[in-house]
Amino acid sequence: MERGGLLLYILLVLSTFFSYIFLNKNKIKPRKRAKLPPGSMGWPYIGETLQLYSQDPNIFFTTKQQRYGEIFKSHILGCPCVMLASPEAARFVLVTHAHLFKPTYPKSKEQIIGPSALFFHEGDYHTKIRKLVQGSLSLEVLRNLVPDIETIAISALESWAGGHIINTFHEMKEFSFDVGILAIFGHLDTYYKEALKKNYCMVDKGYNSFPNTIPGTLYNKAVLARKRLSQLVSEIICDRREKRLDKKDLLGCLMQYKDEKGQILTDNQIADNIIGVLFAAQDTTASALTWILKFLHDNSKLLEAVKAEQKVIYESNEDGSKSLTWSQTRSMILTHRAILESLRMSSIISFTFREAVADVEYKGYLIPKGWKVMPLFRNIHHNAEFFSDPDKFDPLRFEVQI
């Protein structure tokens, strides 16, 4: 009886247990895992890199958006990526949930710029380098640079006189490079300035080329030129140390830095950040200036209005006898609007790279940890939902209503 009673008890327990599972199987549901965004990963390893480089990148991204929507996946430059083409998504990655994404670039880009450049890092190192860069370009510093920048601009304008044909973008790169050198090194010796320019041009040509180590290719030439740039910066650093020069430019700020433990930046760290800042300042500025001139040329009435605004300032400086001041640049209202609209239309920085530091869910889609995330700024700037008649150049869209 005892064995029979025990058996009956076990059967009742098991029956109750399995009945509970059966009755509640529809109540206990595992959370549905988010799916990857739509899109194509292309061929193994190379992904869709060849498609990206064989056409205008803007066409590549726009075609993808039209087919898949404002969030889609791809595989470029050896990395699985998620592309985002809305202001809300860009804000999610860069502002509200920035802690879930770290700044990142493909290894090929990192090798060209330098692994210690601030925009390849996060945390304490990024913070301290960013503060040094911001300090070297503070409002006070910029105010003092205005007369020197004006001198460089006048010199460039005079070199274009004589009626000969010039390559606008090339000349804007020369101009922005000279301004960048001024901000980073101050008044630099001509030898170093020309050597930096020569090697920087090689780096610039190879930066967006297909990454490979084959001798003679643009990318390989860029890598070699990048090494020479580091050597040149090291020579300039040694020269300053020997002469005990104490300057307040970016190089001076980086050389004088010491953390709370008394550690200083290495020459390689200084070189990487110098070249990184120069790269960020020179190419994008030159592109922006070229587009501004193009849009002004194509809009004769706006051009005349901008010239009239500039003439008032020129005459107030006794026809150029006095230097331009910072406060005068703040009074260029129409010029400022034309610049903003030019930046929107041209979208110099078409996208940026971030990397997910954890699995992230956005609008029902999964962004896996380690995947690259690319907010597509140009697609946003040319979306009719955000800018009416987006293909029309209209500086008045930036007029503040009072």
message = I'm spelling it out carefully: the read-out is volume of the Cα convex hull per residue in Å³, the candidates are [x] 263; [y] 160; [z] 246, and one was derived from this structure. Which label?
response = [x]
query = With charges only on Cβ, +1 for K and R and -1 for D and E, what is the dipole size of region 105-283 about its Cα centre, in debye, rounded to 20?
reply = 480
task = Let me have the relative contact order for the chain, percent, based on Cα pairs under 8 Å that are six or more residues apart.
result = 22
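Filter the chain for me: DSSP H helices, axial length by Cα at least 18 angstrom, mean Kyte-Doolittle hydropathy not below 0.5. List them by residue number.
Values: long enough: 2-24 (33 Å, 1.35); 123-136 (20 Å, -0.97); 139-159 (30 Å, 0.70); 168-185 (25 Å, 0.69); 190-207 (25 Å, -1.01); 218-243 (37 Å, -0.44); 267-298 (46 Å, 0.40); 300-316 (24 Å, -0.26); 333-346 (20 Å, 0.44).
The qualifying helices are 2-24, 139-159, 168-185.
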request  = Find the centroid of the Cα atoms in region 91-152 and in region 263-295, then give the distance between the two in whole Å.
outcome  = 10
query = Where a ≥ b ≥ c are the square roots of the eigenvalues of the C-alpha gyration tensor, would you call region 123-240 rounded, which needs a/c under 1.5, or, failing that, prolate if a/b is larger than b/c, or oblate?
reply = oblate
remark   = The extension gain from D359 to Q66, computed as 0.36 nm times the residue separation minus the Cα-Cα distance, is 102.9 nm
ask   = According to a simple spin-label model (label point 7 Å from Cα along Cα-to-Cβ), what is the distance in nm between V146 and K205?
value = 3.9
remark   = Once Lys and Arg are counted +1 and Asp and Glu -1 for all other residues with Cβ under 14 Å from that of I152, the total becomes -3
key: Net dipole in debye of the chain [+1 Lys, Arg Cβ; -1 Asp, Glu Cβ; about Cα centre; nearest 20]   = 1940
note = Among K107/K258; K64/K363; K131/K173; K173/K247; K64/K107; K197/K247, the pairs whose Cα-Cα distance exceeds 20 Å are K107/K258; K131/K173; K173/K247; K64/K107; K197/K247
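A short reminder: the numbers here are calculations on the coordinates, not readings from a lab. Keep in mind the model is a prediction, meaning the values are calculated, not measured. When we count neighbours, we look across all protein chains shown, and the Cβ atoms used for this are built from the backbone with ideal geometry, even at glycine.
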